[in-house]
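This report refers to the structure that appears directly beneath it.
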Amino acid sequence: MPRGRLHEVYAGEAWDVGAAAGFAVAQALAAGATPLLWLRLDRGAVAAGRLHATGLAELGLAPDRLLLVTVADAGALLRVAGDAARCAGIGTLLLESWGPMPALDLTATRRLVLAAEASGVTVVSLRLGAEPVPSAAATRWQVSARPSVPLEADAPGQPAFVVECLRRRGGPAGARTQVEWNRETRSFRDPEVELASQPPFQPASPPLAGAGLPLAAGGAAARDPAAPVRARR
Amino acid sequence: MERLRATRPHLFVRGDDPASHPPIAFVETAGNATRLAALDRAGIEAGLRPGLTLADARARVPELEVFPHDPGADVDWLERLADGCSRYSPTVSPLPPDALLLDIAGCTHAFEGERFLAADVERRLARRGVLVRHAFGDTAEIAHALARYAGAPAPDERGAVKRLPVAALGLDAEDTAALQAAGLKTVGEVMARPLSGIAARFGEGAATAVRRLAGEAQAPVRARAVADPVRVERRFAEPVARTEHALGVIAELVGEAAEMLERRHEGGRRWQVRLFRSDGAVQGLRVETGQPTRDPQLLGRLFAERIDALADPLDPGFGYDLIRVEVALAERLDAHQLKLEGGEGEKGQVGELVDRLSTRLGRGRVRRFAARDSHIPEQAELILPAAAPPPATPAAWPEAEPGEPPLRPIYLFDPPEAVDQVIAEVPDGPPARFRWRRTLHEVARAEGPERIAGEWWRRHDTPVPTRDYYRVEDRRGRRLWIFRHGLFGEVESPRWYVHGLFA
């Protein structure tokens, strides 16, 4: 996800909410685009629960780089989003919306795109419980949870996601990759690769083309939207 | 004591006669001991002294009434008395905990002499039930020592100082005791010794104290400086009936107030506009900022946000005949340099955004997280308004172990959501399957239990069951934080709840 653009992240199924939100935060961290302003509706706190900064800190987002704004309705959401997207001091605006949002149409998203391009703020629209609709976003992703690589005693491991690129402006889409988030290196890696035996994921080296190239932080492919995307499967 | 009398007069309905009410003491807790900090006259007559432990005092005077000692409120009370004393002299300086110093040079003619002035002070304070002891002196130290310590009667000021006990020098307890052990009972006897000997034995501070009481040296008096509130207003011969004009006037007034603040090296945190309508109605607008500011453009934007957010729009009616801008809370703000390449830093921009959103949506909607010292998950963090100053002693966030997966969810349900049809091993196995939100989840991986007990040191009427937390992952890979409320044996058939969602 290049910076200063609008990206959309959809939750694959109703209960992939945590995965979609975690992927959006991980993206912001991988791009180094903090502070993060998390904008959500009051409704979201009922449906998905309130934000837990301790858990976000364990993904790598320091709590003092996080600002939470809650609004009552869609109109206020868009107004605040417009203001925040114009403020160059924040790195990422995470716009969490719940269910179908008719207000978030082509016009509204185009406005956000213009604001983001002018200020350099990355706007991530996190659409939970919604079906993909046309918008002016640069990329659109569908994220669902992936069974993690188990730790000892069959314990759940690092967060892992199945990510499908539904749309990419000026480039091919349809890639489907599996990624695992690594908090220490602030990067994604392929969960299939054995953890210990492999060096950290190198975005520029061609042999590792399957490992989610378009997602890498500052990688060559990430800057060039027209780069060919190859999926592992 | 006098503060108590003013704030809780019902304690003194039985009159001031010491015999009629029990002695009163103020206690403070230092370390593990609760000690008396101050006493009323009845208490001292009963043989109690400050510094005594409360248990000892209660043993001697069982009917002792006890109140917590609050030095902050005492200083506040003294400040208020100092405010009142500004009627006698422009230079009033409070000497905490219990003294006020008035420089009355050149002020006594308004009261026909210093005796009448002192009588007036006594009369006014007696009306509030305050006991006063006053003294006049050539220097501040002499007056202070004479007022605080009783010496033998003397014909003149110099003589009175000489007859004061050595404690009036204001040295620490050890030095005072050493002087008394050396046979020096009064200040006069100390003054009679060579000063060099006192300086050699007790340090330069002691010698300075002696010279000050002798009137040879003076300590600087720190007069209380009360800053005038910043307030600018404009009156109109013809009422202003259009909102746009009123806004223009507000912008001008804010500019004037900002200039006043700039001269004082201050910035306003809380700005207030009051619009007085010609029919008597008064409308108020208030803006708060996270950082002190005096930028008229920024404030103009904030006031515009405020007016937009009003439930019913500003109605000038027949017009405003007075508009006033005041700075209710000002803080120090020195001029600062912009970044070399121009523009403000990231912090300034975010701060401005926070102020704007707080003004529009309300402070409670723009928030930041702060850690809190608790192991109960839902109490381990605070969500505070971002416009408010951060807590003075923030708790530390838990450090994540390298290589460990996240152990806490990113979304936390409040309250936790109940799940049913749980199949789990007794006594503390993870659930194998459960139904949550009408979906059956088959658990593929689980870790736990992480046992979190209630905070037993807090008082609860009913015991709080222990929670056993499990990180579980279902066959589709969705990771949940689930807990059993109560151990088997602790409660009958414990219930299960989903408490959060992991990434």
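Do any chymotrypsin sites (Phe, Trp or Tyr not before Pro) in region B:417-500 lie in a loop, going by DSSP, with at most 11 other beta-carbon atoms within 10 Å of their beta carbon, and if so which?
Numbers: sites: B:Phe434, B:Trp436, B:Trp456, B:Trp457, B:Tyr469, B:Tyr470, B:Trp481, B:Phe483, B:Phe488, B:Trp496, B:Tyr497; in loops: B:Trp456, B:Trp457.
In loop regions of region B:417-500 (DSSP not H, G, I, E or B), the sparsely surrounded chymotrypsin sites (Phe, Trp or Tyr not before Pro) are B:Trp456, B:Trp457.
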So which DSSP H runs in chain B come out at 15 Å plus along the axis (Cα) with average Kyte-Doolittle of at least -1.0?
-> B:71-85, B:114-127, B:243-263, B:296-309, B:346-361
Which far-off residues, 5 or more places away or on another chain, put their amide H under 5 Å from the one on A:Arg146, with H placed in the peptide plane?
-> A:Ala160, A:Phe161, A:Val162
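Please compute, for peptide B:368-376, the average count of beta-carbon atoms on other protein chains lying within 10 Å of each residue's beta-carbon.
Values: counts 8, 12, 3, 4, 0, 0, 0, 0, 0.
The per-residue average across the peptide is 3.
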Rounded to whole angstroms and listed largest first, the alpha-carbon spread of chain B along its three principal axes comes to 99, 74, 56
Please work out the C-alpha center-to-center distance from region A:138-152 to region B:130-170 and express it in whole Å.
-> 82
Separation between Cα centres of region B:220-256 and region A:40-112, rounded to whole Å | 38
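Sort B:Arg408, B:Arg332, A:Arg169 so that the residue with the fewest other Cβ atoms within 10 Å of its own Cβ comes first and the one with the most comes last. Working shown, then result.
Numbers: B:Arg408 25, B:Arg332 9, A:Arg169 14.
Exposure proxy ranking, most exposed first: B:Arg332, A:Arg169, B:Arg408.
Once you have a ≥ b ≥ c as the square roots of the Cα gyration tensor eigenvalues for the protein assembly as shown, tell me rounded if a/c is under 1.5, and otherwise prolate or oblate according to whether a/b is larger than b/c.
It is prolate, given that a/c is not under 1.5 and a/b is the larger ratio.
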A chain fully extended from B:Glu65 to B:Arg193 at 0.36 nm per residue, minus the present Cα-Cα distance, gains in nm 41.5 nm
Per the rule of 0.36 nm per residue minus the C-alpha distance, extending B:Arg372 to B:Ala110 adds in nm 88.5 nm
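Which FRET efficiency, nearest 0.05, do B:Leu440 and B:Leu310 yield, Cβ-Cβ r, R0 51 Å? Working shown, then result.
Numbers: r = 51 Å, r/R0 = 0.99.
Given R0 = 51 Å and the Cβ-Cβ separation, E is 0.50.
Does region A:51-128 come out rounded, prolate or oblate by the C-alpha gyration tensor, with a ≥ b ≥ c the root eigenvalues, rounded set by a/c under 1.5 and, if not, prolate when a/b is larger than b/c and oblate if not? Before the final figure, lay out each step's value.
Numbers: a/c = 2.12, a/b = 1.35, b/c = 1.57.
Since a/c reaches 1.5 but b/c is at least a/b, the shape of region A:51-128 is classed as oblate.
When 1/r is averaged over all different Cα pairs and the result inverted, which Kirkwood radius in Å belongs to region A:1-139? Please report the intermediate quantities before stating the final value.
Working: mean 1/r = 0.0686 Å⁻¹.
Result for region A:1-139 stands at 14.6 Å.
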In peptide B:495-502, what is the residue-averaged number of other protein chain Cβ atoms found within 10 Å of each Cβ?
-> 4
In nanometres, what is the gap between the two model label sites at B:Arg332 and B:Gln297, each 7 Å from Cα along Cα-to-Cβ?
-> 2.8
Excluding B:Ala143 itself, what net charge comes from residues whose Cβ is under 14 Å from its Cβ, given Lys and Arg +1 and Asp and Glu -1?
-> -1
Residues of B:358-365, mean number of Cβ from any other protein chain within 10 Å of their own Cβ, rounded to a whole number?
-> 3
Give a quick list of trypsin sites (Lys or Arg not before Pro) in region B:408-503 that DSSP marks as loop, anything other than H, G, I, E or B, with at most 13 other Cβ atoms within 10 Å.
-> B:Arg437, B:Arg438, B:Arg458, B:Arg459, B:Arg475
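What Kirkwood Rh does region B:130-285 have if only Cα atoms enter the pairwise 1/r average? Answer in Å. Each step should come with its number before you reach the end.
Details: mean 1/r = 0.0483 Å⁻¹.
Result for region B:130-285 stands at 20.7 Å.
Sorted from fewest to most neighbouring beta carbons within 10 Å, what does the list B:Arg235, B:Arg212 look like?
On the way: B:Arg235 10, B:Arg212 20.
Exposure proxy ranking, most exposed first: B:Arg235, B:Arg212.
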Fewest-first sequence of B:Phe502, B:Phe413 by Cβ atoms within 10 Å of each Cβ | B:Phe413, B:Phe502
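Specify whether the C-alpha gyration tensor of region B:411-501 places it in the rounded, prolate or oblate class, a ≥ b ≥ c being the square roots of the eigenvalues: rounded for a/c under 1.5, otherwise prolate if a/b is larger than b/c and oblate if not.
Values: a/c = 1.97, a/b = 1.68, b/c = 1.17.
In terms of gyration-tensor shape, prolate.
Which net charge results when you count Lys and Arg as +1 and Asp and Glu as -1 among the other residues whose beta-carbon is under 13 Å from that of B:Glu442?
Details: positive: B:Arg433, B:Arg435, B:Arg445, B:Arg475, B:Arg476, B:Arg478; negative: B:Glu473, B:Asp474.
That works out to +4.
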Taking the Cα centre of each part, how many Å lie between region B:95-123 and region B:445-503?
-> 69
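Values quoted throughout were computed directly from the atomic coordinates according to the rules given, and no laboratory measurement underlies them. The structure displayed is predicted, hence computed values, not measured ones. Note that we place each Cβ from the backbone using ideal geometry, even for glycine, and neighbour counts take in every protein chain shown.
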